[in-house]
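Please treat every number below as a calculation from the coordinates, not as lab data. Because the structure is a prediction, the values reported are computed rather than measured. In this analysis, Cβ positions are derived from the backbone assuming ideal geometry, glycine residues included, and neighbour counts consider all displayed protein chains.
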Amino acid sequence: MRNDISVAPTAKSVTLRDEKGGHKMFDWNGVKTKANSDGEFGIHARMWDSTLRISIGDEKTRIDIEGGTIREIQDWYGGGPTDLAISASQQDWDELLRAVPKPFYQDLYPASIHHGFEITGDRDNYCAYYPAIRRLIEILREVRNAEV
């Protein structure tokens, strides 16, 4: 299954709320660097070729993965194909990315069952690379909380 999503000009950050309700920038370059140097992500993502769309509220970000390496991260506007899309409200992402998440926000799978996360796209891609996706979420959490 493929979704209609498009590619947009390059931008490396998305706005997230901090725990006090203020806004802060999310360091996508830091995510790319950390993921590409992370042994656990590297093992789980090996041979993964995918276009991943992450939607945080209205902000959409494209992550291009080739051979298990994140090649590019950029803002995403309009339509065009993606292999896998993960979307939720700003509030749900804030909860998932807390340093110590609440129950059922510790991992993407329970967050998709008990909260507002929607995962669409190629199920085989999702299942085969779920450990890499899970580690990528952990890296997002680590990078975000290092910025606080």
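Please give the peptides 89-95, 66-72, 135-141 ranked by average Cβ packing (other Cβ atoms within 10 Å per residue), highest first, as a rough proxy for protection. All intermediate terms of the calculation are to be shown ahead of the outcome.
On the way: 89-95: 18.1, 66-72: 15.1, 135-141: 20.6.
With the highest mean Cβ count within 10 Å placed first, the list reads 135-141, 89-95, 66-72.
Can you compute 3J(HN,Hα) from phi for each residue in region 107-124, using the Karplus curve 6.51 cos²θ - 1.76 cosθ + 1.60 with θ = phi - 60°, rounded to whole Hz and x for Gly and Pro?
8, 5, 4, x, 5, 6, 8, 9, 9, x, 7, 10, 10, 10, x, 6, 5, 4
Using each residue's phi in region 58-68, evaluate 6.51 cos²θ - 1.76 cosθ + 1.60 at θ = phi - 60° and report the 3J(HN,Hα) Karplus result to the nearest Hz, with x for Gly and Pro.
Karplus values, whole Hz, x for Gly and Pro: 8, 7, 10, 10, 9, 10, 9, 10, 9, x, x.
Take peptides 107-113, 128-134 and line them up by average Cβ neighbours within 10 Å, highest first, as a rough protection proxy. Before the final figure, lay out the partial values.
Details: 107-113: 15.9, 128-134: 18.7.
Sorting 107-113, 128-134 by mean packing, highest first, produces 128-134, 107-113.
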